[in-house]
Every structure is written in structure tokens, then in C-alpha cells.
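Before any comments, here is the structure.
The values are calculated or read from the model by the stated rules, or taken from the named source; none is laboratory data. Quantities reported herein were computed from a predicted structural model and do not represent experimental measurements. When we count neighbours, we look across all protein chains shown, and the Cβ atoms used for this are built from the backbone with ideal geometry, even at glycine.
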Amino acid sequence: MLTEERQQAILLLLKENEIVKTKELMSQFDVSESTIRRDLQEMEEKSLLKRVHGGAKSILKLEPELNMLEKSVKNVHQKKAIAAYAASLVKDGEFIYLDAGTTTYEMLPFLKGKDVHVVTNSVYHASSGIDLGIQMTMIGGTVRMTTKASVSSQAIEQLKTYYFDKAFMGVNGIHADYGFTTVDAEEAATKKAAMNQAQHVFVLTDHSKFGKVNFSKITDVEAGVIITDKIEESDVSERLKTKTTIKEVL
């Protein structure tokens, strides 16, 4: 097992148990005490955990997933500003992908009147886009109750038949070392499939997602340009800036 894979596994154990013991990690991963100590030290330096006697404890909070309505009332001004800038990047004649999420949803009014074809896996996006007179294609498959997004093997296979000029994505967490993450494994796989089919990828997020790590990794941060309202200066943000482009719109 690679170091990064082992550290991701440790992080998942911390989310389940809040505390992990060095001896138990040695046994589970079949590695030496010095290897586990080195892992824990590196992860503490990245602000992912806090070492304690005999192991480590979690300092990352895994917040419960909000539904679309609950998400839509958070950081509204910032989301609209991010969405307006993102929509300005879309040119007439382009085929674009709009991922499910409240920030990508805010792009739709700014796309009204443009000669674009929008593909989405979101029931909300598809319905609103049609009402605005935007040409829409809805990805099929199983729809998640919380996000109203189609995420399944069917959705992934359909995405593989399309090619996009640009993809605009939503995520739940952004971390320099653990990449773009979300709360559901199928949703992560669907997002990654869409990103793989796009010539240019943009990740839309407000500042609250930085430094957070969720259950399922989508891909590394190098895979997309981040459009955000602001990013607080920290060791985490400095490492992030060395790996990808960040556009602050406020």
C-alpha cells in the first residue's frame, strides 16, 4: 500500500472512531511502528489530525450532508458572484457540463440567451434550465434523494459518450493533499467521469470548502481550476496554490 493510500485509510478510520491507536494501525496495515509514526507526523503537519500518546485523534469535522434547499440559503452572495464569473467563461456554440450543486445552479440565469448546450445530472438544473430556454440534456440513472442528482453506473456510462468544452463542478471538500472530495462514493465516481470528458474543468466553491476532507475522493486538485470567493492564507492554502490555479472573484 502506498503512503498516500495508507494515510487516506487512517483518515477514514478517524472519521469512524475519532481516535486511532498506533499498535492497531501497525497490525491493520502490516507495517512497522516507525512507518505509522511517520504517517501520523506527516498528517499532523498537514493539519489532518493531532497526535496523542499511543496514537492520534481527529481534528477534522465531517458535517452531515445538507439537502439542496438547506445548501441554497448558505453563502448566497458568494455563490452568485462565483456563478456569474463562471458563466462569463462560456462561449456561444459550446457544449458544457453543469454538475449538481447550489453554486453551479446559480450559473443558469447567467447562461440565459447564450447559444449553449448544457448537460447535467441534476433534476433541479434540468428543470430550471428548460424554464430559462436553455437547451438541456439530463443524464439518466438513479437519483439521490438529498442532492436530486443522478449518480450511478448508468450515469457514468452515458457520460462516457459525451465530450464537453467545459465542465463546471461542485465539491464538498478541497485539500491540497487529499484532493477534491464528496460524501458519497457513487457521486464521486460520477463527478470524476464528467471531469474526464471535459477539455477544461472548473470547480466552483465558496471559501467554506477549503481544508475539508470528505468520505470519497473525486480526483486530485490538479484536475481543475478553482473558482472561489476568497481563500484564507494558511499552510493548507499555500500548498494548494502550488498545485492548481485558483481564481478569486471577490
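Things to note:
- Residues of the stretch 15-57 classified as aliphatic (A, V, I, L, M), within 23 Å of Phe210 (Cα to Cα), assigned to a helix (DSSP H, G or I) and touching a Leu at 6+ places or on another chain (Cβ under 6 Å), total: 1
- Test: residue in the stretch 88-109 that is more than 22 Å from Ile227 (Cβ to Cβ), surrounded by 14 or more Cβ atoms within 10 Å (Cβ to Cβ), acidic (Asp, Glu) and modelled with pLDDT of 80 or more: no
- Thr103 being under 22 Å from Thr190 (Cα atoms) and part of a loop (DSSP other than H, G, I, E, B): no
- Inside the stretch 108-138, residues that are free of Cβ contacts under 8 Å to residues at least 40 places away in the same chain and in a loop (DSSP other than H, G, I, E, B) make up a count of 8.
- Top-ranked residue in the stretch 161-203 [being of a type in the set (Gly, Ala, Ser) and in a loop (DSSP other than H, G, I, E, B); ranked as farthest from the chain's Cα centre (by Cα)]: Ala176
- Pairs with Cβ under 8 Å, 6+ apart, first in the stretch 212-224 and in a helix (DSSP H, G or I), second buried (at least 23 other Cβ atoms within 10 Å of the Cβ) and at pLDDT below 85: none
- Screening the candidates Asp184, Asp206 for the property of being modelled with pLDDT under 90 and surrounded by 20 or more Cβ atoms within 10 Å (Cβ to Cβ) yields one hit, Asp206.
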